[in-house]
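The values are calculated or read from the model by the stated rules, or taken from the named source; none is laboratory data. Note that the structure is a prediction, hence the values are computed from the model and not measured. For neighbour counting, all protein chains shown are included, and Cβ atoms are generated from backbone atoms with ideal geometry for every residue, glycine included. Just the protein is used for accessible areas: all its heavy atoms, side chains included, with ligands, DNA and RNA removed. Shrake-Rupley method; radii C 1.70, N 1.55, O 1.52, S 1.80 Å.
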Amino acid sequence: MVLFSNFERIVLKVGSALIAPDGKGCSPHKLFPIAQFIIECRSRGIEVVLVSSGSVAAGRQYFPKSNCNSIPMKKAMAAAGQSDMISTWDRLFDFPTCQILLTHGDLQDPERYQSVSSTIDKALSHGILPIVNENDTITTDELKVGDNDNLAAIVSAAVNADGLVLCTDVDGLYTGNPRIDKNAKLIPLVE
């Protein structure tokens, strides 16, 4: 916690591999330590905005595996999984949460961007934990934010966060994708 001692607000992004690691729905066991971190931050006066991936992974359990690759099926999995994911997070806290689903358009249009910022500010000022995700059920490939790392970075800027923490199954920031680039090197510090 010393690292965040001067921070007033952070954005914490949690990846799909931590939310629903085995494709059988959300894993409260894996999310519990992350929830404890959020609770600890809040007890120290640090506001947290949670960007949570995983709606498609969480919803996969409700659909036959043979059809999981089509775009309409992924959108249906996202719709089913979003409620599972939010309810899992909600059960881990004894304070209120709110769900904020965003699209590329929400982040590109200045008026909507400001609306996102003010909505999150207002939720935080009332002790509510905002849980943000891309609205995968209506987003098209051309209008996707990208991945939720990008979404978390944009949300960090929108809410004037002091820091961004990415919780993932990757060891850190690399020069390339370490899963496909054997020459990718870990970058231990970004100045």
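Kindly provide the set of residues from segment 26-49 that are surrounded by 21 or more Cβ atoms within 10 Å (Cβ to Cβ) and either of a type outside the set (A, V, I, L, M, F, W, C) or assigned to a loop (DSSP other than H, G, I, E, B) (or both), ordered by number.
26, 47
Restricting segment 50-76 to residues that are hydroxyl-bearing (Ser, Thr, Tyr) and either over 15 Å from the mean Cα position of the chain (by Cα) or farther than 12 Å from residue 167 by Cα (or both), which is least open to solvent (accessible area, probe 1.4 Å)?
So the residue we want is 55.
Would you point out the residue of segment 100-114, among those that are over 19 Å from the mean Cα position of the chain (by Cα) and of a type outside the set (Lys, Arg), that is nearest to residue 160 (Cα to Cα)?
114
Just to be sure I understand the filter: pairs with C-beta atoms under 6 Å, separated by 6 or more residues or on different chains, first member in segment 152-165 and open to solvent by less than 60 Å² (accessible area, probe 1.4 Å), second member among the basic types (Lys, Arg) and at pLDDT 90 or above. Which pairs pass?
Sorted first by the residue in segment 152-165, then by its partner, the pairs are 152/13; 161/9.
Please determine, by comparing only the residues of segment 166-191 that are of a type in the set (A, V, I, L, M) and at pLDDT below 85, which one is least open to solvent (accessible area, probe 1.4 Å).
170
Evaluate the following for residue 30: is it of a type outside the set (Val, Ile, Thr) and more than 18 Å from residue 13 (Cα to Cα)?
So residue 30 does not fit the description; no.
Taking segment 62-73 only, how many residues are assigned to a helix (DSSP H, G or I) and hydrophobic (A, V, I, L, M, F, W, C)?
2
Looking at (1) within 30 Å of residue 122 (Cβ to Cβ); (2) in contact with a Gly (Cβ under 9 Å, 6 or more places away or on another chain), find the lone condition where residue 77 falls short.
That leaves (1) as the condition not met.
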